[in-house]
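A.B. asks: Sharing a structure, written as structure tokens. Questions coming.
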């Protein structure tokens, strides 16, 4: 690099994140657990590009996502954008490859999506979604399976205290129908207000259904302007609950107008309840909640989201629902779909908060080859090659400072469990020294006395013939994983 | 969706690709094999966002990559772009997190990168790189390890016929120095010409080093305008070879001018040869080749790339080198680095061509629950739940057409190995029928006679008590994996 090149400040884009090993290693473990659950339910992988034609994306999710698109131009000067979810690209695929993706089809996908929203703690402009979808199945039996997946994912991650809230857009539609709210924009407005219940509380909902309110920052929030009787009807509807899913359905039957859409919605909820029971989904883990609306425009039937009662500040960590009309956007035939998305970044943040998920780790390295004095580099490489051939994840050290202290401090910084030490003496004698760095550390931490401290540090080190290198390192590693 | 919404044509951007299960499943197997090799050499994972500030990227890779950037604006109207490789973001990280990423540091990263190049077969505008890098180690012992990784990756994938070509920018610099070619733009021009040897052949190289030539399409390619004596010197240099790495170094010593840069470059090549020998890298797999230049501007020392002699049309499937000055772009201190990148899409295409890599598969599903007649959906879900609880990857079928033929044709299309069949009869009797679909298919394919055909199709089906469901399916699956 020439000296005239101006220095570039190293920085991450606002709302974006860099993930180092200590972030990624537990993340990968969580991804693998989730993937195993998805596969067990018969889902196979699928992947689409980050960029899509703008017309594929605009209008598919609603006004909010239209505004949040990262837009750009292709080399051919076409309007393109980064995808805002994995669902719309999946709908595109179904229309584009009808022969290869013959319905019914179950797929999972993991990948980054982009939304130019206001970033906040745990809210990023690039975040990872991990989705399952079933295309070509109308039955809510499949929605029950999706909900069962949501439960199994949490259980696979060792979390038992979670709730999957379940509702049905048809239930809300029946209510709105009964209240005479038929205009689509108005319906969407009511949906949006209902959806905020957990966040803003019932009194603010009441105000927003009526004349609106002023929020904490002093900004006016326009209301839906419903009359008082209708407001009370909506409020009592979203307040419906019960000890079991069947009880909620029974109460809903009373809260909804006695019209055909209500009967259809209630029948679906009963089928869904039956499916959940057949799949052994406990009443504690999946609850019917009429206040659940979900933000995206494309939902048409059951909707669901997972919340963590002990980590409410993270909101929903998974969410989804049935979208029976999205594929029609791309083809003349329609394919009913349902699915859900894990918000991986938020889920991981919540797991960290709960002390659940995978144990933290800074490295995958199991052994560091440490040199004392003028050891030929080839000797270091040979020892490493021997360990690696035995499947031991091994790092060599060729840092700037080659003294013992720097090398052991490197092992300490990255929490490498075992050091294999070679010096001129060791090489001459045909031996290696192997040091258990975790045991040494634990022992030293427990001891106050200086002499004992020194002894503990060395008691965990052995010198063995070179032929016993692999076996000894393997034994040292097994000590701690046991 | 309202009927007024215009239909959107489902299409993939030019130069981009959708990956369905049959593409992704072998891809995932290959990724896991490579990841295991990377980890064995002590590399830990790391991830950066797709988007970077424009000034982070522009000028880091050279004119070619500057032109190929997908540029856009952040919500704050800053100039940003999609990354064109994973190396520049890694250099940024080293400067941004000096405490967390204390050198020496080994990392691997996998992810998409974007280049607005001309797409072609196996050349995409979004493609996946899978990189390793070592930061903070000056010694070419580490370059030897990177080359050993490249070899082990190919061996792990079952490919033995490959060559890692190795050279050193310092060797080329010494040649240029001796030839009096000192001006940077001119040096880069010669590098670019040399780099094309494999693609265009020696006579075209000779022409481009001189007055230029006209390519096949009739376009003029300007020459470097070297004099004849210098051209012959360059030509004889890039023709240097030998049966072993040591022989190439010995020949290079004669071809290079007797100046300090030559001596330094040759010493590095000798060290590299020693490192490769210590790591048991065979002479057949890693060869020194003075004609290797590599396109990117940031290389400063050893450079390497992997080619497949039986699939030359795919070009290099991995490539890398030492870049000792890139981090300086972002900080006042310098950190020497080396690394390499697997071009995953190209590698997979080449593996497919060679019949190597992972076996193709269309689904992860092991068992499909098939229903005959009016089976309650809950029964299907229960059978599936039982299989899944035993770890068997199970799909239920709730497609549009529920007849037996549609269900078995679904299993056939996705190559699902086992069908679990339940009907009203089976439920009443407390039994299930289990059908080995692969065996049935194989048997039918081998038989011409109609009666034998029918028998073979049913001989692979058994009816067992419900309690033996899991055990029988497990046995059927084991038959074929054995």
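A.B. asks: Using a Förster distance of 30 angstrom, determine the FRET efficiency expected from the C-beta separation of residue A:76 and residue B:156, and round it to 0.05.
C.D. replies: Working: r = 39 Å, r/R0 = 1.31.
For R0 = 30 Å, the calculated efficiency reads 0.15.
A.B. asks: Could you line up A:380, B:463, A:306, A:300 from fewest to most neighbouring Cβ atoms inside 10 Å?
C.D. replies: Placing the least packed residue first, the sequence is B:463, A:300, A:380, A:306.
A.B. asks: Shifting gears a bit: By count of other Cβ within 10 Å, fewest leading, how are B:217, A:433 ordered? Don't skip to the end; give the middle numbers.
C.D. replies: Values: B:217 5, A:433 18.
Ascending number of Cβ neighbours within 10 Å: B:217, A:433.
A.B. asks: OK, next. What spacing in nm lies between the two simple spin-label points modelled at residue B:11 and residue B:374, each 7 Å away from Cα in the Cβ direction?
C.D. replies: That separation, rounded to one decimal, is 4.9 nm.
A.B. asks: Averaged across the residues of A:26-35, what count of C-beta atoms belonging to other chains lies within 10 Å of each residue's C-beta?
C.D. replies: 1
A.B. asks: Taking only C-alpha pairs under 8 Å that are 6+ residues apart, what is the relative contact order of chain A in percent? Please list the in-between numbers first.
C.D. replies: Working: 802 pairs, mean separation 72.4, N = 482.
About 15 percent, as a whole number.
A.B. asks: A further question on this structure: Separation between the residue B:464 and residue B:412 pseudo-spin-labels, each 7 Å from Cα along Cα→Cβ, expressed in nm?
C.D. replies: For residue B:464 paired with residue B:412, the spin-label model returns 2.6 nm.
A.B. asks: If the label for residue A:468 sits 7 angstrom from Cα along the Cα-to-Cβ line, what are its distances to the same label in every other copy, in nm to one decimal, shortest first?
C.D. replies: The projected label point of residue A:468 is separated from its counterparts by 5.3 nm.
A.B. asks: To make sure I understand, if each residue's beta carbon is the centre and we count other beta carbons within 10 Å, what order do A:57, A:155 fall in, fewest to most?
C.D. replies: Numbers: A:57 24, A:155 14.
The fewest-first ordering by Cβ neighbours comes to A:155, A:57.
A.B. asks: So, one more: Which distances in nm, rounded to one decimal and ordered from shortest, link the label point of residue B:479 to the equivalent label points in the other identical copies, with labels set 7 Å from Cα toward Cβ?
C.D. replies: 5.0
A.B. asks: At q = 0.05, 0.08, 0.13, 0.14 Å⁻¹, what log₁₀ I(q)/I(0) does a Debye calculation on the Cα points of chain A give, no solvent, two decimals?
C.D. replies: -0.29, -0.65, -1.19, -1.32
A.B. asks: Let me ask something else. Residue A:99 to residue B:241: FRET efficiency via 1/(1 + (r/R0)^6), r the Cβ-Cβ distance, R0 56 Å, to the nearest 0.05? Don't skip to the end; give the middle numbers.
C.D. replies: Values: r = 50 Å, r/R0 = 0.90.
E between residue A:99 and residue B:241, to the nearest 0.05, is 0.65.
A.B. asks: Largest first and in whole Å, give the semi-axes of segment A:89-168's equivalent ellipsoid, each being the square root of 5 times a Cα gyration tensor eigenvalue.
C.D. replies: 25, 21, 11
A.B. asks: Moving on. 7 Å from Cα along Cα→Cβ at both residue B:402 and residue B:258: what's the point-to-point distance in nm?
C.D. replies: In this crude spin-label approximation the distance works out to 9.2 nm.
A.B. asks: Per the helix-only calculation at 222 nm, which mean residue ellipticity applies to the protein assembly as shown, given -39500 (n - 2.57) for every DSSP H run of n ≥ 4 and division by its residues, nearest 500 deg cm²/dmol?
C.D. replies: Mean residue ellipticity at 222 nm (helix-derived): -12500 deg cm²/dmol.
A.B. asks: Per-residue mean of other chain beta-carbon atoms within 10 angstrom of the beta-carbon, peptide A:75-84?
C.D. replies: Counting Cβ atoms of other protein chains within 10 Å of each residue's Cβ and averaging gives 3.
A.B. asks: Right, something else. Report the gain in length on full extension from residue A:270 to residue A:203: 0.36 nm times residue separation, minus Cα-Cα distance, nm rounded to one decimal.
C.D. replies: Values: separation 67, 0.36 × 67 = 24.12 nm, distance 3.07 nm.
Taking 0.36 nm per residue and subtracting the Cα distance, the gain is 21.0 nm.
A.B. asks: Right, something else. Would you mind pulling out the separation of the Cα centroids of segment B:1-78 and segment A:63-141, in Å?
C.D. replies: Here the two parts' Cα centres lie 14 Å apart.
A.B. asks: How many Cβ atoms of partner chains, on average, are near each residue of B:142-152 if near means within 10 Å of its Cβ?
C.D. replies: 2
A.B. asks: How long are the semi-axes of the ellipsoid equivalent to the protein assembly as shown, from square roots of 5 times the Cα gyration tensor eigenvalues, in whole Å, largest first?
C.D. replies: Each semi-axis is the square root of five times an eigenvalue, giving 54, 33, 31 Å.
A.B. asks: Which distances, shortest first and in nm, link residue B:123 to the matching position in the other copies, using label points set 7 Å out along Cα to C-beta?
C.D. replies: 4.3
A.B. asks: Then there's this: Can you name the chain A residue with its Cβ nearest the rotation axis from A to B, and give the distance in Å as a whole number?
C.D. replies: A:72, 2
A.B. asks: Now a separate question. Can you give the extra length, in nm with one decimal, that the chain gains between residue B:186 and residue B:479 once fully stretched, where that is 0.36 nm per residue apart less the Cα-Cα distance?
C.D. replies: 99.0 nm
A.B. asks: When the convex hull of the Cα atoms of segment A:166-264 is projected onto a plane and the area is averaged over all directions, what value comes out in nm²?
C.D. replies: So the Cα hull casts an average projection of 6.5 nm².
Values quoted throughout were computed directly from the atomic coordinates according to the rules given, and no laboratory measurement underlies them. Only a predicted model underlies this, so the values are computations on that prediction, with no experimental measurement involved. Neighbour counts run over all protein chains shown; Cβ positions are idealised from the backbone, glycine included.
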